[in-house]
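Below: the structure, in structure tokens.
Values in this text are rule-based calculations from the coordinates and carry no lab data. These numbers come from a predicted model, not from an experiment. So basically every Cβ, Gly included, is an ideal-geometry build from the backbone, and we count neighbours across all protein chains shown.
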């Protein structure tokens, strides 16, 4: 995995207008970013309006990875940011774009794969998407007037990446050789726990089950787990089930 | 001259499309800037397309100072920046938006009046305008692809102003109210898991038991857990034991 120009992937989740997808591609490429992933675009793919708008950044659309779900788009990622205008009551670190791209640089230098989620134009990301993220990016806009559009939000984040990385390289990190768990590994872990705990009757009463599941998924997503950690946590659960089965 | 909220004025020089003027107003107000000046807009003034596009930032257009020439727009200014994509062979300091807003803050704090010039969409500022500036702002875009539009250029500059001048960044604001688990709570959690997993036969074979316990304790200690997380993790384990006991 020797990436010639390591950089975060920008994931557009359920984008609506083609023009905005094209605008996002231009915003990225202005600052040298060219890894785009697109989750379930409303008007299908490829999108001619996106291509027309992207003009000189059309290559990003050609090479964009089209995914059916947010989970699929994040499969290989080890650290995920979600951009959102509002706080959602999820316990998760909230950082500025500046701090986020600083973290992203550190994670990438340590061998991680970083993604940034951008929500659909009107509604923004859903809680289910946000629960997959390790941290939230919040642009410090005027509290009386927050009207950043998709391309602008992409622009500011990409700008911070370039501002950050055109400066001094980050210090080499202690955990550089660590194999971090990928998103798909984290997802399987969360699913394993959710299934067994469901069987065990943990999510009770039923009216609270959804909230409890969300909290548990959110807990996993916040944890900086290595692949070895994930294996151990699977092992713990398997052993508890074996214990039960032995009676 | 006691300005209640001192800030730089943004001067749009000969802007063409009304939509871009409205977009610039929104970009400014997103970051709390509301002093706009407009020099010789192509389509006259007021501009209904600008008003439509500005929506919630329409007040900036109502209050904008309309000027016939760049010289008139800068009359009361003591320090002027010109934004430009290309170097023009003019002997003048060239700074990043970040450095520019740092300088702007210093100048304003010292009682100065600062303006930033933005050129027309296609051609950008003319040399005659740039010659009036004390320094040039150059956004460090991808040299292979520079396609910032007027509103985006305004956005990045306004963003840097706010980043510079907002005292405390909203970093980790959502985690700020979080009750982190204390060391003793973490210790009890580690102990709870260690005891139950010992009963369950997890630490096997015996020669590896100590190493496994160490890894597990190390895992807990690296996790940024809240008190609620710790309660949930206790609950999970208790439920697994209950499940076993029910047979």
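The table for this structure:
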read-out: Average beta-carbon neighbours from other chains, 10 Å sphere, peptide A:32-38; value: 1
read-out: Helix-only CD estimate at 222 nm, as mean residue ellipticity for chain A, using -39500 (n - 2.57) per DSSP H run (n ≥ 4); value: -15000 deg cm²/dmol
read-out: Peptide-level mean, for B:127-133, of C-beta atoms on other protein chains within 10 Å; value: 0
read-out: Label point 7 Å beyond Cα along the C-beta direction, distances from residue A:198 to other copies (nm, shortest first); value: 3.5
read-out: Relative frequency of Cα-Cα separations exceeding 14 Å in region A:115-161, percent; value: 55
read-out: Rg and Dmax of region A:81-131, Cα atoms only, in Å; value: 11.9, 35
read-out: Contact order relative to length of chain A, as percent, for alpha carbon pairs under 8 angstrom and 6 or more apart; value: 22
read-out: Residue B:43 versus residue B:238: modelled label distance in nm, points set 7 Å from Cα along the beta carbon direction; value: 6.6
read-out: Taking region A:72-119 and dividing mean pair separation by its residue count, relative contact order in percent (alpha carbons under 8 Å, at least six apart); value: 64
read-out: Rg/Rh for chain A, where both radii come from Cα atoms and Rh is the Kirkwood radius; value: 1.00
read-out: Degrees, to the nearest 10: B:18-30 long Cα axis against longest axis of chain B; value: 50
read-out: Of all DSSP beta bridges in chain B, antiparallel share, percent nearest 5; value: 5
read-out: Those residues of region A:68-83 whose amide nitrogen sits under 14 Å from the label point placed on residue A:123, 7 Å along Cα→Cβ; value: A:70
read-out: Descending Cα extents along the principal axes, region B:183-246, whole Å; value: 34, 32, 14
read-out: For q = 0.16 Å⁻¹, Debye-computed log10 I/I(0) when each Cα of region B:19-165 counts as one equal scatterer; value: -0.86
read-out: Nearest 10 degrees, 0 to 90: helix A:227-246 Cα axis against chain A principal axis; value: 30
read-out: Residue list for region B:217-245, given a label point 7 angstrom along the Cα-to-Cβ vector of residue B:180 and an amide N cut-off under 18 Å; value: B:218-231
read-out: Rounded tilt (10° steps) of A:150-165 against the dominant C-alpha axis of chain A; value: 90
read-out: Whole-angstrom Cα spans of the protein assembly as shown along principal axes, big to small; value: 89, 50, 45
read-out: Percentage relative contact order, region A:9-140, counting C-alpha pairs under 8 Å, at least six apart; value: 31
read-out: Gaussian network model of chain B, Cα within-10 Å springs - most flexible of B:45, B:29, B:161; value: B:45
read-out: Peptide ranges B:219-225, B:20-26 listed from the most packed, as the mean C-beta count within 10 angstrom indicates; value: B:20-26, B:219-225
read-out: Average beta-carbon neighbours from other chains, 10 Å sphere, peptide B:235-244; value: 6
